[in-house]
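Notes follow once the structure below has been shown.
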Amino acid sequence: MLRRHGVPPVSSVTFDRVAKRFGPHTALDDFTLDITEGEFLVLLGPSGCGKSTALRLIAGLDQPTSGRVLIDGVEVSGTDPRDRDVAMVFQSYALYPHLSVFENIESPLLARGDHTGRSRAKRRERAALVDEAAALLGLSEVLRRKPGALSGGQRQRVALARAVVRRPSVFLMDEPLSNLDARLRTDTRLELVDLWRRLGTTFVYVTHDQVEAMTMGTRVAILDGGRLQQVGDPQDVYDEPQNLFVARFAGQPAMNTLDAVVHVAGGVPHAQIGGALVALPPQVRVASGQAVVIGIRSEHLEIDRRGTLAGVVRSVERLGHERHVICDVGGHLIVIRQPTDWAGVRIGDAVRLSMDPHRVHVFDRASGERVVSQRPAIASLGSRFELLSPEEALALDAAIITAAVEPVVDLTQAELNGETTEVPSSI
Ligand SMILES: Nc1ncnc2c1ncn2[C@@H]1O[C@H](COP(=O)(O)OP(=O)(O)OP(=O)(O)O)[C@@H](O)[C@H]1O
Ligand SMILES: [Mg+2]
């Protein structure tokens with residue numbers, strides 16, 4: 001853990017082939033992930049995919065069935081949550097209803113000392129830390145109020161301040177914005193990223209919200225069925241999903257997908273979708289007759305009289321800044337994003353669609369995996385740079401250089417925060 005003077009500590013977290021089973025049910029399987037010091041990692045996936053399980057394993061609220069969890073390279077499996085120097089913020093704010101905002105934020109500081117050598121803070125010291133955390137989260141004006149007299153957003157910020165006041169080296173956040181209305185979510189999203197920047201601490205943030213995943217994280221890790229599907233820069237994951245699950249899950253609206261069979265004609269690969277032939281990226285490695293699924297983002301489709309795909313307009317959703325035209329193509333619903341001022345189409349209209357072959361994603365239908373593309377490679381030939389064909393690039397392998405706002409008290413969080421105060425069961 002890095003502890004610099006006057007700067008909050010920051011830790012790395014590693015999952016090393018971690019499995020977590022509950023009886024016969026596997027919540028997390030063969031999960032390996034390095035979360036580096038100071039990064040904002042978003043864990044994204046559908047309900048039940050293992051996101052909270054992963055967080056609880058970092059916090060020490062659960063133990064792995066097999067594999068190791070490491071903080072700063074040191075295995076922590078079996079270590080008491082209080083000795084891990086992490087703080088977790090839950091979806092339910094878990095505030096003490098009978099305590100003031102000040103006392104709620106102060107409560108983790110009343111816990112006994114821990115292995116980090118920090119002893120129970122003195123009263124004046126505590127007050128300074130609470131004031132600092134409250135100021136950071138814009139709560140200085142409401143310190144004397146009880147949680148019942150706060151808005152949902154303020155309660156959420158108190159929960160965050162309670163985590164901040166402990167100066168943990170890792171923040172764990174489990175869908176902390178899901179009880180907030182849309183407007184407040186957007187505001188709090190920005191505040192959280194700002195908080196992360198100011199603290200410089202490691203954030204592990206769980207969500208199933210696409211926008212949060214795209215906008216908040218330095219990296220996003222996508223889980224499905226307890227297995228890691230892909231991890232990377234959010235834009236890279238959006239641009240190059242490694243399998244059909246990620247393609248269909250990451251992004252809003254979801255990527256359009258259509259079953260197709262490959263036809264290579266004159267050396268150029270095409271996807272046959274029903275009776276239509278759609279050109280594929282020339283460098284994609286496919287075989288004639290291969291069953292594939294092609295994917296195309298809604299912003300890469302156009303209603304175009306010369307297009308090869310035929311569809312019928314089923315609905316038009318106006319979103320103000322853009323509209324989504326939903327077409328039935330051979331029984332599949334396809335979404336096309338358009339500016340709102342684009343010429344009108346009406347429900348029932350027969351349309352043709354075109355797409356840029358370079359924007360088409362190809363997945364093997366049997367495995368669901370992305371079909372590897374042989375990227376056009378730039379080879380250095382003396383002082384010249386030339387674009388090589390896929391075949392040339394392969395041959396020259398060695399030369400390639402691109403080559404709900406419910407203040408429910410959560411005993412688990414109280415435990416996690418190392419508190420011994422008696423906790424009421426409701427407000
Ligand atoms: N204590 C438990 N006992 C039995 N099964 C559990 C337990 N905790 C989690 N599970 C199961 O493990 C799987 C993963 O649960 P987890 O809470 O990690 O999902 P999640 O991704 O956080 O979902 P959500 O988005 O709904 O919060 C689920 O199928 C869940 O039912
Ligand atoms: Mg969860």
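Numbers at a glance
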{"item": "In segment 274-298, residue farthest from Leu333 (Cα to Cα) [restricted to those that are in contact with a helix residue (DSSP H, G or I) (Cβ under 9 Å, 6 or more places away or on another chain) and modelled with pLDDT of 95 or more]", "result": "Val293"}
{"item": "When residues of segment 111-131 are limited to those that are surrounded by fewer than 16 Cβ atoms within 10 Å (Cβ to Cβ) and either within 16 Å of ligand 1 (Cβ to nearest atom) or in a helix (DSSP H, G or I) (or both), the one modelled with the lowest pLDDT", "result": "Arg123"}
{"item": "Some residue of segment 5-12 being surrounded by 15 or more Cβ atoms within 10 Å (Cβ to Cβ) and modelled with pLDDT of 95 or more", "result": "yes"}
{"item": "From the options Ala182, Ala159, residue that is under 24 Å from Glu106 (Cβ atoms) and of a type outside the set (Val, Ile, Thr)", "result": "Ala159"}
{"item": "So Gln229, is it among the polar types (S, T, N, Q), in contact with a helix residue (DSSP H, G or I) (Cβ under 6 Å, 6 or more places away or on another chain) and at pLDDT below 90", "result": "no"}
{"item": "Within segment 17-36, considering residues that are over 25 Å from Trp196 (Cβ atoms) and surrounded by 14 or more Cβ atoms within 10 Å (Cβ to Cβ), the one farthest from ligand 2 (Cβ to nearest atom)", "result": "Asp30"}
{"item": "Of all residues in segment 63-105 being part of a loop (DSSP other than H, G, I, E, B), of a type in the set (Val, Ile, Thr) and under 25 Å from the mean Cα position of the chain (by Cα), the one that is surrounded by the fewest Cβ atoms within 10 Å (Cβ to Cβ)", "result": "Thr65"}
{"item": "Scan of segment 248-273 for residues that are closer than 29 Å to Asp29 by Cα and either within 12 Å of the chain's Cα centre (by Cα) or modelled with pLDDT of 95 or more (or both), ordered by number", "result": "Phe249, Ala250, Gly251, Met255, Asn256, Thr257"}
{"item": "Pairs where the first residue, in segment 43-64, is on the phi > 0 side of the Ramachandran plot and the second is more than 12 Å from ligand 2 (Cβ to nearest atom) and part of a helix (DSSP H, G or I), C-beta under 6 Å, 6+ apart", "result": "Gly60/Pro81"}
{"item": "Qualifying positions in segment 357-386 - at pLDDT below 50 and in a loop (DSSP other than H, G, I, E, B)", "result": "Pro376, Ala377, Gly382, Ser383"}
{"item": "Hits in segment 165-216 - residues which are in contact with a strand residue (DSSP E or B) (Cβ under 9 Å, 6 or more places away or on another chain), of a type in the set (S, T, N, Q) and assigned to a helix (DSSP H, G or I)", "result": "Gln210"}
{"item": "Yes/no for Thr53 being surrounded by 14 or more Cβ atoms within 10 Å (Cβ to Cβ), within 30 Å of Pro24 (Cα to Cα) and within 16 Å of ligand 2 (Cβ to nearest atom)", "result": "yes"}
{"item": "Segment 29-62: number of residues that are part of a loop (DSSP other than H, G, I, E, B) and within 13 Å of ligand 1 (Cβ to nearest atom)", "result": "8"}
{"item": "Selection count where residues are of a type outside the set (Val, Ile, Thr) and in a strand (DSSP E or B), scope segment 9-28", "result": "10"}
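The values are calculated or read from the model by the stated rules, or taken from the named source; none is laboratory data. Treat the numbers as computed from the prediction; the structure is a model and nothing was measured. Reconstructed Cβ throughout: ideal geometry from the backbone, glycine too, with neighbour counts over all protein chains shown.
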